[in-house]
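Asker: Quick one: the structure is below, and I'll ask about it shortly.
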Amino acid sequence: MSEPALQSARQRLLIVDDQPANIRVMAEALRDRYDLFFATDGARALEIASAGDIELVLLDVVMPELDGFEVCRRLKSDERTSRIPVIFVTAREEVGDEARGFDVGAVDYIAKPIRPPIVRARVQTHLELKQARDLLESLASLDPLTGIANRRRFDVTLDAEWRRCARNGAMFSLAIIDVDHFKEFNDTYGHARGDDCLRELAQTLRGVARRPGDLAARYGGEEFALILPESDANAAQTIIRRLFDDIGSLALPHASSSCAQIVTISAGAVTLIPTETLKASLAVESADRLLYESKDGGRNRAHHFDVINNTREWITGSIQEQ
C-alpha cells in the first residue's frame, strides 16, 4: 500500500496496524472520504504523524516493539502531535485495557472485527469534534480588535518556540513594538480612528511575519510583538527595517506626534540562542528595556541587541520629523 501524494485538501488520517489485512479493511471503509496514510509499526506511525497535518489516528493496540499504548503516549507528549485524536482499534475488550487507553489520551475504541459503518461514523464524529475544538482554540487565541494573535497565543507560542530552538541550538529573535504617542492620536482623532489605526498596524506586522513559526501578536494596548524563531541578527534587522518602511507607506496622519506627521513606531529587539536553563521571559524583559531605550532616544526607531556577538544596532524610521 502506498501513501498518497500530498496534493489533496481532504482530511488526512493515519491507519496503524501490524496486519496489512486490517489496514485494507479500514482503507476500503474510508478511502472515498479521506486521504489515508499507513504504518505497520509504531516507529513509522510516529514519524508520519510528526511530519505534518495528520488529523486523526486509527491505532492498533497489539503491535511488536512499540504497542499502541506507548505510541499514543508519545503522540500526546509531543507538542507537534498532542492535539491529534487517537482512536484505538483492537480485539481486546478488557475494561482495564480501555481505561488504560483513555489514560494515555485516546478518545475512543473501535472493536475488531471491523465494521465499516461504525468506523466511518466514529471517525466523522471525532473529526467534527476536533474541528469545533480547533475553532474555539483559534477564536480564543485571536485579539478581537486586530484579528492577530492575542497575548495568550503569544505566551504559548513563545514558550513552544523557545523550547524548540533550545533543543536544536537555533537562534531566536524577539521584538516588542509600541505605537509612538498613541494617547495623543486618540485625543486628536478619537478612539474609533485609534482602533482603525491599530488594525492597520496589526495587519502590517502580520505581513512581515510570514515564515512558518513567525508570529505577530498584540501584546497589550498599543504594544505589539514579533516572535522570529531561527532568525539571526541580520534577519531580524531586515524584518524590522521592512516593518518601518511598510508602516511609513501607510502614511496614517498623526498631526500631534513629535516624531513625524504620520504614525510611527518604536521597537526593542533581541537575538540570542535559547537554552534549557534560560527563561524566555528574560528575552521579553531585554526587548522591553531596548524598547524604552528607543523611546528615550527620540522614538521612531528600534534598538536591537545581538547577544551572540555582543553587538548593538540602531534602526531609524525612514520618515523623520518634518
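The values are calculated or read from the model by the stated rules, or taken from the named source; none is laboratory data. Note that the structure is predicted; figures quoted are calculated from it, not measured. Cβ sites come from the backbone with ideal geometry, for glycine too, and all protein chains shown count toward neighbours. Just so you know, the surface numbers come from the protein's heavy atoms only, side chains and all, with ligands and any DNA or RNA stripped out. Shrake-Rupley method; radii C 1.70, N 1.55, O 1.52, S 1.80 Å.
Asker: May I ask you to list the residues in region 275-305 that are hydrophobic (A, V, I, L, M, F, W, C) and touching a Lys or Arg at 6+ places or on another chain (Cβ under 9 Å)?
Answerer: Of everything in region 275-305, those that are hydrophobic (A, V, I, L, M, F, W, C) and touching a Lys or Arg at 6+ places or on another chain (Cβ under 9 Å) turn out to be 280, 290, 302, 305.
The rows are residues; the columns are (1) modelled with pLDDT of 90 or more; (2) under 19 Å from residue 16 (Cβ atoms); (3) among the small types (Gly, Ala, Ser); (4) out of contact with any Leu (no Cβ under 7 Å at 6 or more places or on another chain).
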position	(1), (2), (3), (4)
86	yes, yes, no, no
94	no, no, no, yes
100	no, yes, no, yes
111	no, yes, yes, yes
134	no, no, no, yes
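Asker: Suppose we keep only residues that are within 16 Å of residue 120 (Cα to Cα) and more than 33 Å from the chain's Cα centre (by Cα) within region 12-28. Which one would you say is least open to solvent (accessible area, probe 1.4 Å)?
Answerer: It comes out as 22.
Asker: When you scan region 135-159, how many residues do you find that are in contact (Cβ under 8 Å) with a residue 40 or more places away in the chain and surrounded by fewer than 17 Cβ atoms within 10 Å (Cβ to Cβ)?
Answerer: Selection size over region 135-159: 4.
Asker: Here's another thing I want to ask about it. Within region 184-212, can you find the residues that are open to solvent by 20 Å² or more (accessible area, probe 1.4 Å), closer than 14 Å to residue 262 by Cα and either more than 31 Å from the chain's Cα centre (by Cα) or at pLDDT below 95 (or both)?
Answerer: 184, 186, 188, 189
Asker: Take region 255-285 and flag every residue that is within 30 Å of the chain's Cα centre (by Cα) and open to solvent by 30 Å² or more (accessible area, probe 1.4 Å).
Answerer: Within region 255-285, 273, 275, 276, 277, 278, 279, 281, 282, 285 meet the criteria.
Asker: Could you tell me which numbered condition residue 106 fails, if it satisfies all but one of (1) part of a loop (DSSP other than H, G, I, E, B); (2) of a type in the set (Gly, Ala, Ser); (3) in contact with a Phe, Trp or Tyr (Cβ under 8 Å, 6 or more places away or on another chain); (4) farther than 22 Å from residue 30 by Cα?
Answerer: Condition not satisfied by residue 106: (4).
Asker: Could I ask something else about it? Looking at region 56-75, can you tell me whether even one residue there is surrounded by fewer than 18 Cβ atoms within 10 Å (Cβ to Cβ) and small (Gly, Ala, Ser)?
Answerer: Looking through region 56-75, none of the residues is surrounded by fewer than 18 Cβ atoms within 10 Å (Cβ to Cβ) and small (Gly, Ala, Ser).
Asker: Within region 36-54, how many residues turn out to be in contact with a helix residue (DSSP H, G or I) (Cβ under 8 Å, 6 or more places away or on another chain), more than 22 Å from residue 112 (Cα to Cα) and either of a type in the set (Val, Ile, Thr) or open to solvent by 30 Å² or more (accessible area, probe 1.4 Å) (or both)?
Answerer: Final tally of qualifying residues: 2.
Asker: Does residue 316 qualify as being modelled with pLDDT under 95 and of a type in the set (Val, Ile, Thr)?
Answerer: Yes.
Asker: Inside region 29-59, can you point out the residues that are part of a helix (DSSP H, G or I) and touching a residue at least 60 places away in the same chain (Cβ under 8 Å)?
Answerer: 29, 30, listed by residue number.
Asker: As an exercise: evaluate residue 101 against (1) assigned to a helix (DSSP H, G or I); (2) open to solvent by 60 Å² or more (accessible area, probe 1.4 Å); (3) under 22 Å from residue 42 (Cα atoms) and give the number of the one condition it does not meet.
Answerer: If we test residue 101 against (1) assigned to a helix (DSSP H, G or I); (2) open to solvent by 60 Å² or more (accessible area, probe 1.4 Å); (3) under 22 Å from residue 42 (Cα atoms), just (2) comes out false.
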